[in-house]
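Trainee: Mind looking over this structure? Questions follow.
The values are calculated or read from the model by the stated rules, or taken from the named source; none is laboratory data. Predicted, not measured: the structure shown is a model, and the values here were computed from it. Cβ: placed from backbone, ideal geometry, glycine included. Neighbour counts: every protein chain shown. The accessibility values were calculated without ligands, DNA or RNA, using every heavy atom of the protein model including side chains. Shrake-Rupley method; radii C 1.70, N 1.55, O 1.52, S 1.80 Å.
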Amino acid sequence: MAVKPTDSEIQEESRKVRRLQMLVNLVTSVIGQGNLPIEEAAELVASTRQAALNLFPEKELAYALIYKPRLQRLMREVYRLQ
């Protein structure tokens with residue numbers, strides 16, 4: 001039988017999700033401006049991935065399904081990558 005999470009655990013999880021969403025929104029905004037060299041933009045994407053995995057260590061698949069395609073699409077659009 002699964003253990004129901006406590007209110008504080010739910011609040012902590014929600015806080016982490018909001019933090020990650022804000023980070024991804026900030027990174028997409030900065031990259032979307034098109035003022036960064038591609039190397040710096042790629043470093044931001046890599047750092048965002050690492051931050052997501054630090055917040056949610058067991059959720060690499062979720063990151064790969066939710067955020068990675070969004071960031072890859074943005075990189076392709078801004079830097080005209082194939």
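Trainee: Could you tell me how many of the residues in region 59-80 are in contact (Cβ under 8 Å) with a residue 24 or more places away in the chain and either in contact with a Pro (Cβ under 8 Å, 6 or more places away or on another chain) or among the hydrophobic types (A, V, I, L, M, F, W, C) (or both)?
Mentor: 4
Trainee: List every residue pair whose Cβ atoms sit under 9 Å apart, with the two residues 6 or more apart in sequence or on different chains, where the first one lies in region 35-58 and is at pLDDT 95 or above and the second, anywhere, is open to solvent by 60 Å² or more (accessible area, probe 1.4 Å) and in a loop (DSSP other than H, G, I, E, B).
Mentor: Ile38/Leu81; Ala52/Lys59; Leu53/Lys59
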